[in-house]
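The values are calculated or read from the model by the stated rules, or taken from the named source; none is laboratory data. Here the structure is a predicted model, which is why all the values come from computation and not from measurement. As a convention, Cβ positions derive from the backbone with ideal geometry for all residues, glycine included, and neighbour counts pool all protein chains shown.
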Amino acid sequence: MALFQAVTIACRYSSSQAWATTYRQFIKEWVDGLRSNHPHSSEHNARINIHAAFHIYDFLLLFGPIIGWWCFPFERLIGALQKINTNDHIGGELEATIVKSFWRGANLRRYLNRSDCPEVIKQFKVLFDLTFSPRNDRSAESVPAEVGKDRAHYWVNYSRASAHLGNSLVIYYPTSNATSPVPGSIQRISTVGNHTLFHIRHQVPLPPDKFDPFLPYYPHFPAKTYSSQMEDVVDEVQPYSVLSHCARLEFSDNRAVILDLSRVRMVHNRPKID
């Protein structure tokens with residue numbers, strides 16, 4: 001759990017001296033208990049990545065949140081470059097073809113987003129996005145074919161429970177003046193006029209006589225235990241009241257653990273949230 005909490009802190013969208021210090025404390029706690037919790041590890045020399053893990057503390061202070069400098073974006077860029085047709089040219093021609101193709105695509109995307117881009121060109125942007133950026137712009141999916149009809153999905157992420165249970169599990173504000181979000185499951189997605197509403201049943205809180213095994217690790221490991229039952233009352237909220245998805249796992253004694261993903265990576269800049 002010390003390692004899980006350290007990873008959760010490192011993957012946040014924000015960082016600070018306090019978070020970096022807490023990260024280092026959890027890494028030390030994990031290393032100190034490594035050989036006692038896993039006796040077989042005493043038979044091997046310490047790995048260099050354990051030493052490197054402590055230096056992430058310094059990197060968090062120097063460079064900020066790890067999501068800004070980890071390798072995943074570069075790996076994705078390499079994958080995009082590898083798909084460019086080079087006709088097997090080598091000796092500098094291949095590299096030049098890749099760079100020129102990438103520049104042309106980047107310049108075209110920038111031009112299409114300029115305010116002075118001609119309107120007739122902007123009309124082709126929809127076709128361009130569908131062809132070259134199918135996962136970046138799905139706003140058209142939020143407009144239903146028939147106004148007033150219930151829908152199975154909203155954008156690419158949210159679904160009603162009957163269509164996709166996992167995508168229906170969310171962390172949201174039940175009212176406009178609520179100060180704390182709650183977990184729930186989307187039961188319906190309806191459209192009234194031009195406004196879409198989520199109809200959400202939230203998770204019943206854990207009864208006082210039930211034990212929450214995750215409580216000692218909150219909020220560094222953002223999991224809480226709730227009752228496995230759902231409230232009968234349905235909240236009607238707009239999509240911007242939803243912070244993120246959550247993960248739910250039911251276990252013994254009619255309990256369900258909820259992993260609050262909004263505590264790890266903030267999706268909306270809603271006030272009064274960590």
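General observations
A quick yes/no check of all residues on (1) at pLDDT 95 or above; (2) more than 20 Å from the chain's Cα centre (by Cα):
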site	(1), (2)
VAL7	no, no
THR21	yes, yes
GLY33	no, yes
ILE50	no, yes
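- The range 6-43, subset of a type in the set (Lys, Arg) and out of contact with any helix residue (DSSP H, G or I) (no Cβ under 6 Å at 6 or more places or on another chain), residue farthest from LEU60 (Cα to Cα): LYS28
- Qualifying residue in the range 110-118 (condition: at pLDDT 85 or above, of a type in the set (Ser, Thr, Tyr), assigned to a loop (DSSP other than H, G, I, E, B) and more than 26 Å from the chain's Cα centre (by Cα)): yes
- Count of residues meeting criterion [under 11 Å from HIS202 (Cβ atoms) and among the polar types (S, T, N, Q)] in the range 167-186: 1
- Taking the range 160-179 as the range and being under 20 Å from GLN229 (Cα atoms) and either small (Gly, Ala, Ser) or outside the structural domain of SER228 (by TED's automatic domain parsing) (or both) as the test, the residues that pass are ALA161, SER162, ALA163, GLY166, SER168.
- Enumeration of residues in the range 57-71 that are surrounded by fewer than 15 Cβ atoms within 10 Å (Cβ to Cβ) and part of a helix (DSSP H, G or I): ASP58, LEU61, LEU62, PHE63, GLY68
- Entry remark, the range 219-265: residues being of a type in the set (Lys, Arg) and either closer than 17 Å to TYR13 by Cβ or free of Cβ contacts under 8 Å to residues at least 24 places away in the same chain (or both) number 2 in total.
- Wholly within the range 154-237, strands (runs of 3 or more DSSP E) carrying at least 1 residues that are under 18 Å from the mean Cα position of the chain (by Cα): 169-172, 182-192, 223-227
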